[in-house]
Structure formats: structure tokens, C-alpha cells
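Asker: I have a structure here, written as C-alpha cells, and I will follow up with some questions on it.
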Amino acid sequence: MASSWSLIKRSRTLIHHKKKLAFLGIGSAPTFSSSSSSPFMKRPCAASAPYINNHFRFLRRFESTKAEAAQLELQHYVTDDDDNNQVIDFPGGKVAFTSEMRFISESIQKRVPCYRVLDDNGMPMKYSNYVQISKEMAVKMYSDMVTLQTMDSIFYEVQRQGRISFYLTSMGEEAVNIASAAALSFDDVILPQYREPGVLLWRGFTLQQFVDQLFGNTSDLGKGRQMPIHYGSNKHNYFTVSSPIATQLPQAVGAAYSLKIDGKSACAVTYCGDGGTSEGDFHAGLNFAAVMDAPVIFICRNNGWAISTPVEEQFRSDGVVVKGQAYGIWSIRVDGNDALAVYSAVHTAREIAIKEKRPVLIEALTYRVGHHSTSDDSTKYRPIDEIEYWKMERNPVNRFKRWVERNGWWSDHNESELRSSVRKQLMQAIQVAEKAQKPPLSDLFNDVYDRLPSNLEEQERILREIVKKHPEDYPSDVPL
Amino acid sequence: MATLFQGLPSSTAFSSSNKFNHAPAPTSFSERKSSIVTVRSDARWSPVLNSATHKPQRLITNAVATKADSSLASTSSKPGHELLLFEALREGLEEEMERDPCVCVMGEDVGHYGGSYKVTKGLATKFGDLRVLDTPIAENSFTGMGIGAAMTGLRPIIEGMNMGFLLLAFNQISNNCGMLHYTSGGQFKIPVVIRGPGGVGRQLGAEHSQRLESYFQSIPGIQMVACSTPYNAKGLMKAAIRSENPVILFEHVLLYNLKDRIPDEEYVLSLEEAEMVRPGEHVTILTYSRMRYHVMQAAKTLVNKGYDPEVIDIRSLKPFDLHTIGKSVKKTHRVLIVEECMRTGGIGASLTAAITENFNDDLDAPIVCLSSQDVPTPYAGTLEEWTVVQPAQIVTAVEQLCQ
């Protein structure tokens with residue numbers, strides 16, 4: 001019994017592995033027109049359908065009826081290559097009919113290709129189109145990727161030493177984190193899942209601030225109330241992380257709606273993983289964003305694993321990118337380990353979202369190198385050589401480094417300096433944070449409401465009485 | 001913190017005669033005790049001052065408290081304007097939307113359809129599609145959307161077509177709405193109002209007759225209020241919108257067409273206060289929402305039988321107004337709770353616990369709680385009626401309690 005199960009298990013991961021290898025075969029990026037506001041062309045087989053320009057979008061939500069606008073749009077989809085040119089109308093618009101009973105297959109023959117700019121050696125591929133970045137930008141991106149990587153490894157160790165209670169790393173996803181953040185403006189509102197601390201890092205959250213949150217001391221902006229990794233900073237427009245998966249997706253639509261009402265030139269950007277796309281909130285969030293013409297960018301980090309659930313067991317579709325079209329959303333699949341590709345895609349998506357007031361879905365294919373969290377040991381459900389492969393050969397940081405170095409913008413000296421400096425800063429920050437005071441007892445009751453109501457006042461009073469009676473049971477390092 | 005709630009004498013039995021022009025002002029203005037203008041069945045009225053004076057012939061046909069510090073002028077002319085409860089909600093909503101451009105409404109069919117109970121009728125035409133937003137059918141999503149919008153600076157009012165559907169929004173309400181102000185260390189606030197009709201209607205079936213206040217009451221970080229009259233509906237709606245905390249406003253399906261007179265002037269009620277409906281001496285009856293009317297009907301019978309019940313509409317379901325309730329318990333020493341929630345885990349259960357903990361020494365008898373049975377609400381009209389507490393049961397309970 002046991003042996004046949006392990007055989008099956010192995011073969012499943014082989015298939016999984018093969019699918020990943022297939023990405024190597026993808027060559028040049030699809031072309032797009034030079035005007036930065038035009039979206040990418042869709043899949044080749046949908047060549048007959050023209051992409052919609054923004055005319056009809058603005059009609060809705062500023063006037064009463066939306067059905068008319070939608071109908072007008074959909075009429076464009078009635079193309080010449082339908083069987084008969086006869087058309088009938090139904091609620092929702094005119095539709096051509098056919099006398100051939102043809103089921104749409106559950107998937108198209110070829111998977112949606114993946115946009116990438118750099119090959120595995122950090123060389124820009126032939127005919128690749130991407131948004132250029134300056135030296136300063138490239139160096140900052142690379143430095144932040146290194147910082148994120150260093151932070152992750154040190155904090156993981158700190159948890160293993162028992163000095164913090166929990167941690168989860170973003171290893172393998174540094175490019176998605178930093179490159180997407182770099183392509184956005186500081187006005188764009190971020191609603192993260194939990195594997196995007198790099199975005200906060202890019203925006204200027206200091207190492208000390210990160211560590212303070214992990215230790216939950218008085219300097220923590222969250223006042224010690226949330227688990228480690230659940231960062232939040234309204235100053236940096238980074239919404240506090242909330243543990244339940246995908247709850248931030250409809251919230252992003254609300255944030256975008258708010259930005260739209262205020263007329264701001266900014267969008268909401270929200271992240272989730274491949275596992276998050278199974279949640280009801282994902283589907284409703286995308287649907288809402290499309291219907292509300294909300295300027296949201298949905299970035300799905302498809303890293304292959306949701307704790308121990310591989311993507312084959314998460315959905316049967318061709319990844320996440322195909323789901324966008326089902327909701328009427330522009331979507332693109334991007335090599336998430338290619339910093340330049342991610343940067344270009346997010347940069348363009350942002351322009352689409354803001355100028356055309358519509359959502360965009362970006363599926364960033366990547367790999368979760370680390371365990372799900374410190375409570376997980378992923379070697380139990382996936383082979384170690386798979387992890388090693390993605391950690392070494394497909395490492396996004398190294399890949400980008402080669403490109404930056406090749407441009408003459410980075411040297412080995414810079415590298416060693418940066419790494420040692422970051423390590424030192426982190427160690428110092430950890431020391432400071434560890435010694436710092438914990439939040440006082442009053443912070444247990446504050447902020448539940450705007451002011452303390454009578455029942456909480458009473459409960460606080462009772463608690464303080466208990467503490468007074470039994471001081472030996474109360475931790476000495478927590479102020480009252 | 002305590003704002004004096006203000007009310008007006010009102011009753012459907014008001015005649016158009018000028019008898020009201022000569023109302024002497026009640027003497028006690030500053031205390032929280034309210035004075036009530038009583039209306040007899042022959043349409044004559046007489047003012048009753050403090051509840052300390054005992055007048056066994058008092059008969060209240062309508063359950064609205066009056067302004068304690070009312071000026072002569074306001075009671076002398078036919079004050080205010082008459083409207084139905086759903087119109088009062090709409091008025092409150094409209095006034096707040098005019099006052100603050102950040103206030104917006106989202107929900108199913110709230111826009112051009114005007115809401116399934118017409119609470120948002122006309123608002124979309126007046127304020128535009130963006131501020132009165134029609135959403136697809138995904139409660140968890142539009143609640144989440146409201147939360148995200150609130151965190152970014154708007155003040156959304158989220159309408160659930162029926163409170164029961166908000167069970168689908170439980171994740172967003174519990175894990176995010178109630179928590180994010182706290183877990184973000186106070187950085188983000190969530191001033192949303194979540195409202196909708198709930199309670200047992202007329203043969204709406206089990207899924208549309210939910211009493212969600214019992215499910216939501218544990219969630220930390222939210223406030224819950226229940227309105228019962230046009231007057232408090234408008235006042236609570238305005239207070240909820242102005243509050244910085246997430247507030248859940250419970251309306252009742254069967255109370256939307258209640259007609260009453262409300263003041264023309266602007267007023268905002270306090271979210272944490274209970275309403276003294278009828279002062280009395282013998283027993284404290286605590287109730288809210290639709291059960292208030294059953295209690296008042298039972299009160300008529302009780303008064304005829306010589307009892308003097310004190311009826312309090314608790315209004316604030318989270319947190320309880322233990323100040324008002326406590327004062328009453330200390331006076332009457334007997335408590336009857338009448339609610340529509342189910343026996344297990346309802347508001348009545350929590351209230352019983354709270355009163356017992358705080359005022360046990362003042363009780364002469366155990367608290368009696370009348371609630372619905374722990375059954376899904378049946379569709380058949382007669383069966384449905386038996387799941388809801390009826391006035392006759394209330395009368396019997398008071399009689400037993402006062403033995």
C-alpha cells in the first residue's frame with residue numbers, strides 16, 4: 001500500500017516539474033504597440049476580436065443605465081467568422097447563433113504564453129519589449145531584493161531560535177515583491193496577502209520598523225496586536241495584513257472605488273497567491289472590479305503551492321490568467337522571477353487601470369522556495385531537489401544581478417558591502433527590538449472602538465484588579 | 001456622552017383639534033427621565049411628569065417618549081412631519097449624504113430600484129450612481145468593498161437586502177470590519193454602517209427570518225443598534241453614520257410601514273442609550289425592535305389588570321445600556337426580557353447574564369426571558385405566529401413574575 005502511494009506521489013511531482021520546465025521553451029515576448037496606453041493583444045486565436053478602447057467604459061457609473069453601454073460593446077464581438085450572420089438579442093446583448101452544437105473545450109490547446117524579458121542568465125532576449133529603467137532604479141531594485149532576501153533568512157533563523165513566535169519568508173518571490181512595488185507610485189494603495197513585505201520595504205519601511213512588528217514591542221505600529229508578518233502602515237499606503245485569505249480582494253475594489261470618487265490619479269493594487277484564487281472573494285472581487293470599472297491591479301503570485309496543495313489540486317484551469325477574461329478583465333501572464341518583466345507588466349497595468357478606469361489581472365508565475373511558514377516543513381510534500389533547483393538555478397535575485405552587473409552598475413564589492421551592511425543593520429535592529437518594552441496593558445483595550453465603552457472599561461478594571469492581586473503571575477516586562 | 005433623547009407626543013389618535021395648544025411644559029428638564037404625554041382613547045391628553053407619580057389610569061397607546069426639555073412652542077403647534085419608518089431612514093440617510101460627501105451607499109438594488117424596501121429611493125437620482133452603488137450579488141464582496149473604501153476615507157453604508165444574507169458577509173464583518181482598527185494599531189478606521197431588515201416577517205420562510213443580532217453580538221469592535229420607531233430610526237441612522245466605529249443597524253421587516261410624527265429640526269440620537277417607553281413601578285420589561293409593540297399591547301392589558309410595567313426599549317444591543325437598565329431594576333426589582341431571538345445564545349441570554357452579574361442583589365425574582373424557540377421559522381402562518389412571543393404570553397409572564 002505504502003509503496004504504490006509513494007510512486008503516485010512521485011509521478012505527480014514529476015508532471016509538476018515538467019510543467020515548470022516547459023516555461024523554458026517560451027521565447028520572445030508578444031509584441032505590443034509602442035503607445036504605452038494600449039493594452040497587449042490577447043491570445044492569437046482571438047485575433048478577430050478587436051480590443052476595446054475606452055469609449056464605452058466612461059459611460060457607465062456616471063450615467064444611469066449600464067446595459068446600453070455593455071450591449072454596444074458586446075456587439076463588437078459579433079464577428080464575421082460566425083457560422084451565420086444572423087443575430088438575436090437577449091438581455092446582455094446581441095449574439096450570433098449557430099446551428100452547430102459545439103462545446104467550448106475546457107482549455108485551449110496551448111497554454112497562455114508567459115511574458116519574460118530576461119533569460120535565465122539575465123540576458124535580455126531578442127526582440128524583447130520592456131519598459132526601460134534607470135541605473136538608480138535598477139540598483140535600488142537589486143539592493144532591495146538582496147535586503148529582502150537577507151531579512152528573510154535572518155528572521156527565519158531568529159524564529160528558529162525561539163526569539164520570535166512566527167515568520168514566513170518570501171524566498172523565491174523577491175522579484176514579484178520588489179519589481180511590482182518599483183513600478184507603482186506611493187499614492188497607489190496596497191492591499192497585501194502576507195507574502196509581500198518587499199512592497200513595504202521599497203516604500204521606505206525601515207528594518208527597525210519591520211523588526212519591531214515581529215517582536216510586537218511598543219514601537220510596533222500595530223501595537224503588538226497582530227502576529228509577525230502582519231505589517232501595516234497607513235503612511236506608506238500599505239493596508240494591514242489580515243490573515244484570512246483573499247479578504248483583501250473585494251476590499252481593494254472598495255479602495256479603488258474610493259480613489260475614483262476622489263478623482264485621484266492612483267490605483268489599488270492587491271496581491272494573492274494561487275491558493276487565494278479558490279476563495280469566493282477572488283471571484284466576486286474580480287467580478288465587482290469589472291462591473292464597477294474600478295482601477296485595481298490584481299497580482300496573483302502563482303508560486304505553485306498553497307501550503308501542501310499543489311496547483312493541480314487547486315484549480316483545473318490554465319492557471320489564473322484565463323480567469324480574467326471570464327470576468328471581463330484584461331489579464332497577462334508574466335515570469336514572476338524576471339524583475340524586468342514584472343516591472344514592465346505592472347507599470348503598464350497601472351497606466352491601463354488609471355487612464356481607462358478598469359481592473360487588470362497579472363499572473364506572476366514563480367516558485368515558493370521557502371516553506372509556507374515556520375510552522376511548515378515543505379520537504380514533507382515536495383522533493384528537496386525541486387526546492388534546490390528553484391533556489392539556485394531559477395533564483396530571481398541572481399538573474400537580475402547578472403543583468404545589472406552586465407550594465408556595469410554593480411560590482412562584487414558593492415555586493416559584499418551591501419550584504420554585510422544589511423546584516424549588521426538587521427542584527428542591531430533585532431537587538432534593539434528585543435530589549436524594547438512591550439505595549440502596556442491599556443493597549444489591550446484601546447482601539448477596539450474609537451473610545452473606550454463602559455463594558456470594556458469595566459473589563460479593564462477587573463483585569464487590573466486581578467493583576468494587582470497576583471503580581472507574580474504577571475510578566476514583569478509588560479508595563480501596566 | 002449622554003445626549004438627551006428628544007421625542008414628541010405622537011399618536012395616531014391625535015385629532016386635529018387644538019387641544020394641544022395649551023400644553024404646560026414638563027417641569028423636569030435636566031434629568032434623563034422623560035416626561036410623556038399620554039393620550040387617552042378619547043383624544044384628550046394630559047402631561048405626566050416624573051415616573052415617581054403613580055397614576056394607575058395612565059394609558060399609553062403609542063410607545064414614543066417625549067422631549068424632557070421641550071420648549072412650549074414645540075409642543076404647542078402640530079410639530080414635525082408625519083412619515084413612515086422607511087421614509088425616516090431615508091431622510092436620515094439623505095441628510096447625512098448631503099452633509100458629508102464621503103457618505104455613500106452600496107448594496108443590491110439600492111440604486112435605481114431604490115432598494116427592496118425603498119429606503120434608498122430617489123437617492124441615486126439625487127446623488128448619482130457612484131454614491132449610491134448597485135452591486136452584484138456577493139455579500140461578502142460588497143461588504144469587503146465597503147471596508148476597503150472605509151479604510152481609504154469614505155463612509156459607506158452597506159445594505160443587506162435581508163439581514164440573513166449578511167451571514168455570507170460574516171467573514172468580512174468579523175475578521176476585518178471589527179478587527180482592522182485594532183490590529184492596525186489604530187492606523188485605519190472603519191466607519192461603516194451595515195444595515196438591513198431582519199427578524200420574523202409574514203411568512204418569509206426560515207432563511208429570510210433570521211435574527212442576526214444573536215450571531216453578531218460576540219464580534220469585538222462593532223456596535224449594534226436596533227431601531228423601532230420612525231423617530232429613533234432616523235436618529236440612530238444619523239448617529240451610526242457619524243460614528244467612527246463600524247455599526248450594525250438592525251431594522252425589522254414588519255416595522256417599515258409604521259407611521260409617526262418626527263421633528264423637523266435635526267436630531268441625532270445616542271448609539272449607546274436605551275429608550276424609556278413607559279415608566280412604571282412593578283416590573284421592568286426589556287425589549288427591542290418589533291417586540292416593543294407586542295409588549296406595549298400587553299402593557300394595555302396589564303394596566304387594566306392593575307399592573308404598572310416599566311417598558312424599556314434597549315435599542316443598543318452592543319453594548320447594553322446598563323445604566324438605564326440598572327436604574328430600572330433597582331426600582332422595580334423584577335425583570336422580564338421579551339425578544340425575538342432564539343432562546344439559545346440570543347440577545348436575551350446575554351442580557352440576562354449581564355443583569356444577573358451586575359444587579360443580582362436588586363432582584364427579587366429570577367429574570368424571565370421570553371424568546372422564540374430554537375427552531376427555524378416555519379412558513380405556515382399559524383406556526384410562525386407561535387414561534388414569536390405574543391402579548392398574551394407577556395401578560396402571563398408578568399403576572400407570574402409579580403406574584
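Asker: Might you check whether a residue that is in a loop (DSSP other than H, G, I, E, B), under 29 Å from B:Pro319 (Cα atoms), within 14 Å of chain B (Cβ to nearest Cβ) and among the hydrophobic types (A, V, I, L, M, F, W, C) occurs anywhere in the stretch A:436-444?
Answerer: So far as the stretch A:436-444 goes, no, none of its residues is in a loop (DSSP other than H, G, I, E, B), under 29 Å from B:Pro319 (Cα atoms), within 14 Å of chain B (Cβ to nearest Cβ) and among the hydrophobic types (A, V, I, L, M, F, W, C).
Asker: Select from the stretch B:155-193 the residues that are more than 9 Å from chain A (Cβ to nearest Cβ), more than 11 Å from B:Asn245 (Cα to Cα) and assigned to a strand (DSSP E or B) and list them in ascending order.
Answerer: Listed by number, the residues that qualify are B:Ile157, B:Ile158, B:Glu159.
Asker: Of all residues in the stretch B:139-158, which are farther than 20 Å from A:Ala268 by Cα and of a type outside the set (D, E, K, R)?
Answerer: Correct list: B:Ile157, B:Ile158.
Asker: Does the stretch B:132-146 include one or more residues that are aliphatic (A, V, I, L, M) and over 17 Å from B:Arg195 (Cβ atoms)?
Answerer: Within the stretch B:132-146, one or more residues are aliphatic (A, V, I, L, M) and over 17 Å from B:Arg195 (Cβ atoms).
Asker: If you don't mind, there's one more thing I want to ask. With the requirement that a residue be more than 17 Å from the chain's Cα centre (by Cα) and not in a loop (DSSP other than H, G, I, E, B), what does the stretch A:234-246 give you?
Answerer: none
Asker: Answer with yes or no whether B:Ile248 is in contact with an Asp or Glu (Cβ under 6 Å, 6 or more places away or on another chain) and either among the hydroxyl-bearing types (Ser, Thr, Tyr) or more than 11 Å from chain A (Cβ to nearest Cβ) (or both).
Answerer: Here the answer is no, as B:Ile248 does not meet what is asked.
Asker: Just wondering, is there one or more residues in the stretch B:223-243 that are in contact with a Pro (Cβ under 7 Å, 6 or more places away or on another chain), within 14 Å of chain A (Cβ to nearest Cβ) and in a loop (DSSP other than H, G, I, E, B)?
Answerer: Within the stretch B:223-243 (the criterion being in contact with a Pro (Cβ under 7 Å, 6 or more places away or on another chain), within 14 Å of chain A (Cβ to nearest Cβ) and in a loop (DSSP other than H, G, I, E, B)), the answer is yes, since at least one residue qualifies.
Asker: Inside the stretch A:178-209, can you point out the residues that are assigned to a helix (DSSP H, G or I) and touching a Phe, Trp or Tyr at 6+ places or on another chain (Cβ under 7 Å)?
Answerer: Correct list: A:Ile178, A:Ala179, A:Ala181, A:Ala182, A:Pro197, A:Val199, A:Leu200.
Asker: Which residues, taken from the stretch A:225-246, are under 29 Å from B:Val132 (Cα atoms) and at the interface with chain B (Cβ under 7 Å from one of its Cβ atoms)?
Answerer: The answer is A:Asn234, A:Phe239, A:Thr240, A:Ser242, A:Pro244.
Residues checked against (1) crowded, with 18+ Cβ neighbours inside 10 Å; (2) modelled with pLDDT of 95 or more:
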{"site": "A:Leu361", "(1), (2)": "yes, yes"}
{"site": "A:Trp390", "(1), (2)": "yes, yes"}
{"site": "A:Arg399", "(1), (2)": "yes, yes"}
{"site": "A:Arg423", "(1), (2)": "no, yes"}
{"site": "A:Leu426", "(1), (2)": "yes, yes"}
{"site": "A:Pro440", "(1), (2)": "no, no"}
{"site": "A:Arg464", "(1), (2)": "no, no"}
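Asker: Right, B:Gly221: under 22 Å from A:Leu249 (Cβ atoms), at pLDDT below 95, small (Gly, Ala, Ser) and surrounded by fewer than 24 Cβ atoms within 10 Å (Cβ to Cβ) or not?
Answerer: Spelling it out, B:Gly221 is indeed under 22 Å from A:Leu249 (Cβ atoms), at pLDDT below 95, small (Gly, Ala, Ser) and surrounded by fewer than 24 Cβ atoms within 10 Å (Cβ to Cβ).
Asker: Name the residues in the stretch B:328-344 that are out of contact with any Phe, Trp or Tyr (no Cβ under 8 Å at 6 or more places or on another chain), surrounded by fewer than 19 Cβ atoms within 10 Å (Cβ to Cβ) and not hydroxyl-bearing (Ser, Thr, Tyr), would you?
Answerer: Those that are out of contact with any Phe, Trp or Tyr (no Cβ under 8 Å at 6 or more places or on another chain), surrounded by fewer than 19 Cβ atoms within 10 Å (Cβ to Cβ) and not hydroxyl-bearing (Ser, Thr, Tyr): B:Lys331, B:His333, B:Arg343.
Asker: In the stretch A:445-456, how many are more than 10 Å from every other protein chain (Cβ to nearest Cβ) and either exposed (fewer than 14 other Cβ atoms within 10 Å of the Cβ) or touching a Gly at 6+ places or on another chain (Cβ under 7 Å) (or both)?
Answerer: So the count comes out to 0.
Asker: Another one. Confirm whether B:Pro279 is over 16 Å from the mean Cα position of the chain (by Cα) and on the phi < 0 side of the Ramachandran plot.
Answerer: yes
Asker: Taking the stretch A:247-280 only, how many residues are in a helix (DSSP H, G or I) and either under 14 Å from A:Met292 (Cα atoms) or within 11 Å of chain B (Cβ to nearest Cβ) (or both)?
Answerer: 16
Asker: OK, next. Of the conditions (1) of a type in the set (Asp, Glu); (2) in contact (Cβ under 8 Å) with a residue 12 or more places away in the chain; (3) surrounded by fewer than 23 Cβ atoms within 10 Å (Cβ to Cβ), A:Asp119 satisfies every one except a single condition; which number is it?
Answerer: Failing condition for A:Asp119: (2).
Asker: Further, regarding this structure: Name the helices (runs of 4 or more DSSP H) wholly inside the stretch B:313-403 in which the number of residues that are of a type in the set (Phe, Trp, Tyr) is 1 or more.
Answerer: B:347-359, B:381-387
Quick grid of which residues meet (1) modelled with pLDDT of 85 or more; (2) small (Gly, Ala, Ser); (3) closer than 30 Å to A:Glu393 by Cα:
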| site | (1), (2), (3) |
| --- | --- |
| A:His76 | no, no, no |
| A:Asp80 | no, no, no |
| A:Ile88 | yes, no, no |
| A:Lys94 | yes, no, no |
| A:Met101 | yes, no, no |
| A:Ser107 | no, yes, no |
| A:Cys114 | yes, no, yes |
| A:Leu118 | yes, no, yes |
| A:Met125 | yes, no, yes |
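Asker: Out of all the residues in the stretch B:111-127, which are surrounded by 15 or more Cβ atoms within 10 Å (Cβ to Cβ), over 12 Å from B:Glu94 (Cβ atoms) and touching a Lys or Arg at 6+ places or on another chain (Cβ under 9 Å)?
Answerer: Hits for the stretch B:111-127 are B:Gly114, B:Gly115, B:Lys118.
Asker: Please give the number of the condition A:Thr240 fails out of (1) touching a residue at least 24 places away in the same chain (Cβ under 8 Å); (2) within 23 Å of B:Ile190 (Cβ to Cβ); (3) crowded, with 24+ Cβ neighbours inside 10 Å.
Answerer: So the condition that A:Thr240 fails would be (1).
Asker: Can B:Leu286 be described as in a strand (DSSP E or B), under 26 Å from B:Glu385 (Cα atoms) and within 14 Å of another protein chain (Cβ to nearest Cβ)?
Answerer: No.
Asker: For the stretch A:314-332, indicate whether the set of residues that are in a helix (DSSP H, G or I), facing chain B (nearest Cβ under 9 Å) and without any contact (Cβ under 8 Å) to a residue 40 or more places away in the chain is non-empty.
Answerer: The answer is no, given that none of the residues of the stretch A:314-332 is in a helix (DSSP H, G or I), facing chain B (nearest Cβ under 9 Å) and without any contact (Cβ under 8 Å) to a residue 40 or more places away in the chain.
Asker: Would the stretch A:297-319 turn up any residue that is over 30 Å from A:Met171 (Cβ atoms) and of a type in the set (A, V, I, L, M, F, W, C)?
Answerer: Within the stretch A:297-319, none of the residues are over 30 Å from A:Met171 (Cβ atoms) and of a type in the set (A, V, I, L, M, F, W, C).
Asker: Quick one: A:Asn287 ticks every box in (1) in a helix (DSSP H, G or I); (2) closer than 22 Å to A:Arg368 by Cβ except a single one, so which number is it?
Answerer: (2)
The values are calculated or read from the model by the stated rules, or taken from the named source; none is laboratory data. Quick caveat, the model's predicted, so the values are computed rather than measured. Cβ coordinates were reconstructed from backbone atoms using ideal geometry, including for glycine residues, and neighbour counts include every protein chain displayed.
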